[in-house]
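Asker: Take this structure first; my questions come after.
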Amino acid sequence: MRSYRPSDGKMALEKVEETSPDLILLDVIMPEINGFEVCKQLKSDETTMCIPVVMVTSLTEKEDRIMGIEAGADDFLNKPVDKYELNARVKSLLRVKKYHDELLEEQEKLRVLNEHLEDLVKKRTASLAEEVEIRKKAQNLLQITLKELAPLKG
């Protein structure tokens, strides 16, 4: 697993764009753009919104946790971080991310299969419409032929 330590929020956003990480550990207190704003930007971008973000901070107030959650953080850890707790939370979030990614892959497969099925239905519908027209013409010809033959019968 690659690890990067950008020194400010702007650099963090650039690094995420360059590397597409599976998970982000994000400090709240950073120069230029703070962690809350970085998290908001990540969660509002379609390409990064599903990357789990763990806010890591020395801030301990309840309001700070609420701001982190409102910014879109998936988890919130206070410094000093217990390495066992961090490891357990990271594993859990990566497992959920893996399931999410697998679900997206399956969804894409279903979309492709659905498109194929719709094409088959369109072709079959067109084929049946042609067959109906052929049968109508044959029915009309049969009617005409029967009318022509009727005087001969009698």
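Every residue, every condition in (1) at pLDDT below 95; (2) among the hydroxyl-bearing types (Ser, Thr, Tyr); (3) more than 40 Å from the chain's Cα centre (by Cα); (4) surrounded by 10 or more Cβ atoms within 10 Å (Cβ to Cβ), yes or no:
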site	(1), (2), (3), (4)
114	no, no, no, yes
117	no, no, no, yes
121	no, no, no, yes
138	yes, no, yes, yes
142	yes, no, yes, yes
147	yes, no, yes, no
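Asker: Separate question: Among 111, 89, 124, which is among the charged types (D, E, K, R), touching a strand residue (DSSP E or B) at 6+ places or on another chain (Cβ under 6 Å) and assigned to a helix (DSSP H, G or I)?
Answerer: 89
Asker: Can you give me the number of residues within segment 73-85 that are open to solvent by 20 Å² or more (accessible area, probe 1.4 Å), in contact with a strand residue (DSSP E or B) (Cβ under 8 Å, 6 or more places away or on another chain) and not in a strand (DSSP E or B)?
Answerer: Residues that pass the stated criteria total 4.
Asker: Can you pull out every residue in segment 24-63 that is touching a strand residue (DSSP E or B) at 6+ places or on another chain (Cβ under 8 Å) and either among the charged types (D, E, K, R) or open to solvent by 30 Å² or more (accessible area, probe 1.4 Å) (or both)?
Answerer: Passing the criteria: 25, 27, 29, 43, 58, 59, 60.
Asker: Under 8 Å between Cβ atoms, at least 6 apart or on separate chains: pull out the pairs that start in segment 128-141 with a residue that is part of a helix (DSSP H, G or I) and end on any residue that is open to solvent by less than 70 Å² (accessible area, probe 1.4 Å).
Answerer: Listed pairs, sorted by first residue: none to list.
Asker: Right, another one. Are there any pairs with C-beta distances below 8 angstrom linking a residue in segment 70-89 that is touching a residue at least 24 places away in the same chain (Cβ under 8 Å) to a residue that is acidic (Asp, Glu) and not in a loop (DSSP other than H, G, I, E, B), with the two at least 6 apart or on different chains, and if so which?
Answerer: 71/37; 89/75
The values are calculated or read from the model by the stated rules, or taken from the named source; none is laboratory data. Source: prediction; values computed, not measured. With ideal geometry, Cβ positions are generated from the backbone for all residues, glycine too; neighbour counts draw on all protein chains shown. Ligands, DNA and RNA are excluded from the accessible area calculation, which covers all protein heavy atoms including side chains. Shrake-Rupley method; radii C 1.70, N 1.55, O 1.52, S 1.80 Å.
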